[in-house]
Ligand code: FAD
Ligand code: SF4
């Protein structure tokens, strides 16, 4: 072939630049299901099944469009990795050029570059047109700034793309409606929630589910709840369902948690977006239309737009700007092992059991569970950031490194020393008590920091403040939180720290 057009598992958009000028007579589209993608870090069974199913659906679509596709199915080759399979095909097919859209992971891009260089075949890496902020533009925005804050980037993007702008001013008169967006459900709970549309596995998905079970029996997580969109049509249906039934309440309840309710008013669109079954501009436009039609308030629509036009683009820019060093960041010098219960959900801490239980069962946790339950616990315990990163990359159906790593290492673990977040997201059990009903069914007490019923979050929160006093107590952004330490007398703090040390010891061995 003249060109080998490489499609990776998270690049399933038929309007990709990769296909510009594609000539089926001369160009061969190439996809590979590689076992190493499911094993170089562990991968939740649902995550692997989602990628494979979406890839196979995409293959059918390309073939139906009359394009020539070489598809290496997992059970039809024995190359361990994409680069090994590619090396073999470069030798066998001798293409003049390889084209690929920029991968979502630095490691993959390196491997492809190396493989093509070794084979003496020219590789062209194309800018990914799926995103709304091309990387050179992000870098131009970032260059020369002292701080790369989301808020500034987001305002710039709103103006640039003319989203929710009225005569140069933000719609609704403000950039931010956070004060309206911190509701909790109260004693009565959320009531009957709108059940999100789910997609029962079709024959293609059932086949890959059986394959995943057979090939990766030791992989974490289950397949019993699999209902993710695997085609663009399903992704569009999921978007419509969200806009019609959950967007209006999305903003106010963004930060709330309720036991046994994995989705609440969240969109469930991240996997579809990250696999490029759905375009971010489409999701934004749908939400903005709902606002103009009076179907959703500005606080919810702005909140949703901020996540996609702001956060999603911003973390991607940061990722590529900081790689390859970013994964080694460990600003808080954290070295504890990740507790074993992260992989099994086997713990009697009610909030963690709930959040982890749904991750193990479904490969999904909503943002505030990721940040303020599973992430917070690892932060307070002082888990080595690399291990936290490996867990988040493995366990969520939407995990792709460009978005997972900055969220985990930057936002949640403060491992980058404040590049992404202006201060650590540290809190005690009182926060979880306020935002959820978890503590009501927990054998521990969020108010207690010592004693048998002490909440581990509360114990570890004080210990965290004490451990990092020097770094944060003098800084204007964090001094207020650290001032809390002054309220504790020395004896009490010593008792808390003894308990924290014991906790850390016991969690290291279970
Ligand atoms: P909603 O809450 O309904 O939000 C709507 C959309 O906004 C999401 O689909 C997503 O595309 C986007 N979005 C929201 N928050 C973020 C964010 N912080 N960064 C980037 N995009 C955002 N998101 C991933 O897509 N993949 C990951 O691997 C991932 N790992 C995370 C790890 C940690 C520790 C944390 C704190 C967050 C992580 N996030 C990740 C961000 C966010 O939690 C998820 O995007 C969101 O929970 C997905 O569920 P949803 O589609 O129901 O999102
Ligand atoms: Fe979680 Fe602590 Fe509340 Fe238990 S008491 S649910 S461990 S915050």
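The helices (runs of 4 or more DSSP H) found wholly in the stretch 195-300 and carrying at least 1 residues that are under 30 Å from residue 60 (Cβ atoms) and touching a helix residue (DSSP H, G or I) at 6+ places or on another chain (Cβ under 7 Å) occupy 203-215, 232-245, 270-274, 280-292. Among the residues of the stretch 284-304, are any assigned by TED's automatic domain parsing to the domain that holds residue 172, crowded, with 24+ Cβ neighbours inside 10 Å, within 15 Å of ligand 1 (Cβ to nearest atom) and farther than 26 Å from residue 191 by Cβ? Within the stretch 284-304, not a single residue is assigned by TED's automatic domain parsing to the domain that holds residue 172, crowded, with 24+ Cβ neighbours inside 10 Å, within 15 Å of ligand 1 (Cβ to nearest atom) and farther than 26 Å from residue 191 by Cβ.
Residues that are farther than 23 Å from residue 37 by Cα, in contact (Cβ under 8 Å) with a residue 12 or more places away in the chain and either crowded, with 17+ Cβ neighbours inside 10 Å or touching a strand residue (DSSP E or B) at 6+ places or on another chain (Cβ under 7 Å) (or both) within the stretch 58-92 comprise 67, 68, listed in sequence order.
For the stretch 366-377, the count of residues that are away from ligand 2 (no atom under 16 Å from the Cβ), in a helix (DSSP H, G or I), closer than 26 Å to residue 480 by Cβ and under 12 Å from the mean Cα position of the chain (by Cα) is at least one. For the stretch 417-462, a residue qualifies if it is closer than 30 Å to residue 322 by Cα and either away from ligand 2 (no atom under 13 Å from the Cβ) or surrounded by fewer than 18 Cβ atoms within 10 Å (Cβ to Cβ) (or both), and the qualifying residues are 417, 418, 419, 420, 421, 422, 423, 424, 425, 426. Of all residues assigned to the stretch 327-340, at least one qualifies as being under 21 Å from residue 456 (Cα atoms) and not in a loop (DSSP other than H, G, I, E, B). Just one of the listed residues (470, 404) is free of Cβ contacts under 8 Å to residues at least 40 places away in the same chain and surrounded by 22 or more Cβ atoms within 10 Å (Cβ to Cβ), namely 404. Among the conditions (1) closer than 23 Å to residue 502 by Cβ; (2) surrounded by 23 or more Cβ atoms within 10 Å (Cβ to Cβ), residue 399 misses just one, which is (1). Residues in the stretch 232-252 that are crowded, with 21+ Cβ neighbours inside 10 Å and away from ligand 1 (no atom under 13 Å from the Cβ): 2 in all.
The set of residues in the stretch 379-408 being away from ligand 2 (no atom under 16 Å from the Cβ) and farther than 29 Å from residue 227 by Cα consists of 382, 383, 384, 385, 386. Just one residue in the set 428, 453 is in contact with a strand residue (DSSP E or B) (Cβ under 8 Å, 6 or more places away or on another chain), assigned by TED's automatic domain parsing to the domain that holds residue 389 and more than 16 Å from ligand 1 (Cβ to nearest atom); that residue is 453.
The values are calculated or read from the model by the stated rules, or taken from the named source; none is laboratory data. Not measured: the values here are computed from a predicted model. Quick reminder, even Gly has a Cβ in these numbers, built from the backbone with ideal geometry, and neighbours come from all protein chains shown.
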